[in-house]
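Reviewing the structure listed below.
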Amino acid sequence: MNALHDLRSTLRGQVWLSGEPDFDIARRPWNLAIEQPVDAVVEAADAADVAALVRHARAAGSSITTQPNGHGATGNTAGTILLRTRRLDTLQIDPATRRARVGAGVPSGRVQAAAAAHGLTGLPGSSPVVSVTGVALGGGLSWFSRAHGWVADSVTALDIVDAEGRERHVTADTEPDLFWALRGGGGSFAIVTALHLALHPAPRLYGGRVLWPAGHAPAVMDAYRTITAAAPDELTVWLDLLHFPGAEPMVAVDATYLGDPDEARDLLAPLDRLPSPISDSRQPMSVAELGAITAEPTEPSAGLSHTELLTTLDDKAVRTLLDDPIAPLLSAQLRHLGGALARPSDSPHGPLTEPYALYLFGLPTDPARAEAVVAKQRALAEALPTSGRKPLTFLNPTETLADAFTPHTLTRLRDIKRRHDPHHVFRANFPVHA
């Protein structure tokens, strides 16, 4: 306990200890269904503060769990110091070289807003509030991954604090194994204080959501399969089966196209031959506006998720998804993959060859509902053609890295963990056990 109290004299950032005011708020994960026990919470002032924390933890025999704001939390934090990196928020854009230096606390939406001013884009996901660093450490899927691959594929260098508390700059040339592991293998190897990212041209973007009553789901699904069967890499289309509390079931198609709006409208023409929708928000847009398409919550809330990668979306799979209501789930989202994701990637996950991802989400409003949500997720997963693996950033707290990586990859990650953090100073949400 004395070592924890010494944190305040060691660090310039803010420290919360168990039993103190606001400690429970400070340790709270993004998913409020997760209980996150920790010994202390530290909000580092800067990278030097992170280095001081690591040296302190190493000397005290403690472990550090790093989260900017708690996305991806699993509750595997007992006995750790929780590091918040929100104040590592520097962002530098070099439009001439199409490069960005992104602090560990910078959310995706802020990168998009800065890049958009130069006709550029990062690789954002569906939520603008998730940290770019957290996504990249897990590989990362983006609206534009079909065109540009994993988010981690665009990482060109990392600024880190290693297990001895040293600030270092890591590249493929200086530390090839560590560079490989950090670009998709999770946060078990070092604390990343900033990423260096390649940005991508995005002079034009068309996107939005079309929404229908659920009775049109079979026709919408037919159109979705037609569109995705011939989609160019610049087009990303998701299908959402939705059942919000107090509302009738609905079906939606979300789309983005990196290119000319007229080309986008031609590619999405099968949607226009369907019955009139409830709403249609498709239009030319900025890459800074992507969060509006799915309008995911921007404040912490409780949820239960389950993801599978589908090997096909054949007629049998469609019947499994559509024959029965998705209730008690809130949503069942199909994401079209392929494109650059299926091509070679020198990252722990490697190429993502499955054509679709299915994300199942429900609200655990009470124990009975939570049990029903999990049962529905399990029943759908067992009935669908799945590959048996899934992206790291989509794992839920009941899963492990063995659900994301091959045995060969896990062996390599464990070897890197042994060499770079033999005393287990770092404990990731999904840890690599050396």
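The values are calculated or read from the model by the stated rules, or taken from the named source; none is laboratory data. Please read all numbers here as calculations on a predicted model, not as lab measurements. Glycine gets a Cβ as well: all are built from the backbone with ideal geometry, and neighbour counts include every protein chain shown.
Taken over the range 335-361, residues that are within 20 Å of Asn396 (Cα to Cα) and among the hydroxyl-bearing types (Ser, Thr, Tyr) amount to 2. Exactly one residue out of Arg319, Arg369, Arg343, Arg378 is within 16 Å of Tyr224 (Cβ to Cβ), exposed (fewer than 15 other Cβ atoms within 10 Å of the Cβ) and in the same structural domain as Leu235 (by TED's automatic domain parsing): that is Arg319. If you go through the range 167-176 one residue at a time, do you hit one that is assigned to a strand (DSSP E or B), among the polar types (S, T, N, Q) and within 30 Å of Arg418 (Cα to Cα)? No, the range 167-176 contains no residue that is assigned to a strand (DSSP E or B), among the polar types (S, T, N, Q) and within 30 Å of Arg418 (Cα to Cα). Within the range 346-366, if we keep just the residues that are surrounded by 13 or more Cβ atoms within 10 Å (Cβ to Cβ) and of a type in the set (Ser, Thr, Tyr), the residue that is farthest from Val318 (Cα to Cα) turns out to be Ser347.
The single condition from (1) touching a residue at least 60 places away in the same chain (Cβ under 8 Å); (2) buried (at least 19 other Cβ atoms within 10 Å of the Cβ); (3) closer than 30 Å to Thr365 by Cβ that Gln36 fails is (1). The condition (being modelled with pLDDT under 95 and not assigned by TED's automatic domain parsing to the domain that holds Leu330) is satisfied by just one residue among His433, His424, His408, His420: His433.
Do we find that Ala114 is over 26 Å from Phe426 (Cα atoms), assigned to a helix (DSSP H, G or I), without any contact (Cβ under 8 Å) to a residue 24 or more places away in the chain and not assigned by TED's automatic domain parsing to the domain that holds Leu341 in this structure?
Values: over 26 Å from Phe426 (Cα atoms): yes; assigned to a helix (DSSP H, G or I): yes; without any contact (Cβ under 8 Å) to a residue 24 or more places away in the chain: yes; not assigned by TED's automatic domain parsing to the domain that holds Leu341: yes.
So Ala114 passes the test.
Just one of (1) hydrophobic (A, V, I, L, M, F, W, C); (2) part of a helix (DSSP H, G or I); (3) more than 20 Å from the chain's Cα centre (by Cα) fails for Phe179. It is (3). Look at (1) modelled with pLDDT of 95 or more; (2) surrounded by fewer than 23 Cβ atoms within 10 Å (Cβ to Cβ); (3) not hydroxyl-bearing (Ser, Thr, Tyr) and you find that Pro245 fails only one, number (1).
Tell me the helices (runs of 4 or more DSSP H) entirely within the range 1-49 that contain at least 3 residues that are small (Gly, Ala, Ser). Don't jump to the end; show me each part of the working.
On the way: elements: 2-5, 7-10, 23-26.
Result: empty, no element qualifies.
A single member of Val155, Val151, Val135, Val129 is within 27 Å of Val237 (Cβ to Cβ), free of Cβ contacts under 8 Å to residues at least 40 places away in the same chain and under 17 Å from the mean Cα position of the chain (by Cα), and it is Val151. Would you say Thr121 is more than 23 Å from Ala26 (Cβ to Cβ), touching a His at 6+ places or on another chain (Cβ under 6 Å) and among the β-branched types (Val, Ile, Thr)? Yes.
Could you list, in sequence order, all residues of the range 133-155 that are within 17 Å of Gly185 (Cβ to Cβ) and of a type outside the set (A, V, I, L, M, F, W, C)? Walk me through how you get there before you give the answer.
So in the range 133-155, the residues within 17 Å of Gly185 (Cβ to Cβ) come out as 133-141, 149-155.
Within the range 133-155, Thr133, Gly134, Gly138, Gly139, Gly140, Gly149, Asp153, Ser154 meet the criteria.
Looking across Thr121, Thr77, one residue alone is in contact (Cβ under 8 Å) with a residue 60 or more places away in the chain and in contact with a Lys or Arg (Cβ under 8 Å, 6 or more places away or on another chain). It is Thr77. For the structure I just gave you, tell me whether Arg389 is in contact with a strand residue (DSSP E or B) (Cβ under 8 Å, 6 or more places away or on another chain), basic (Lys, Arg) and touching a residue at least 60 places away in the same chain (Cβ under 8 Å). The answer is yes for Arg389. Here Phe244 clears all of (1) in contact with a Pro (Cβ under 8 Å, 6 or more places away or on another chain); (2) more than 30 Å from Val425 (Cα to Cα) except the condition numbered (1).
The lone criterion from (1) more than 23 Å from Asn396 (Cα to Cα); (2) crowded, with 21+ Cβ neighbours inside 10 Å; (3) among the polar types (S, T, N, Q) left unmet by Thr307 is number (1). Return the residue satisfying two criteria in turn: it lies in the range 40-72 and is surrounded by fewer than 19 Cβ atoms within 10 Å (Cβ to Cβ) and more than 25 Å from the chain's Cα centre (by Cα), and of such residues it is nearest to Val192 (Cα to Cα). Filtering the range 40-72 for residues that are surrounded by fewer than 19 Cβ atoms within 10 Å (Cβ to Cβ) and more than 25 Å from the chain's Cα centre (by Cα), the one nearest to Val192 (Cα to Cα) comes out as Ala48.
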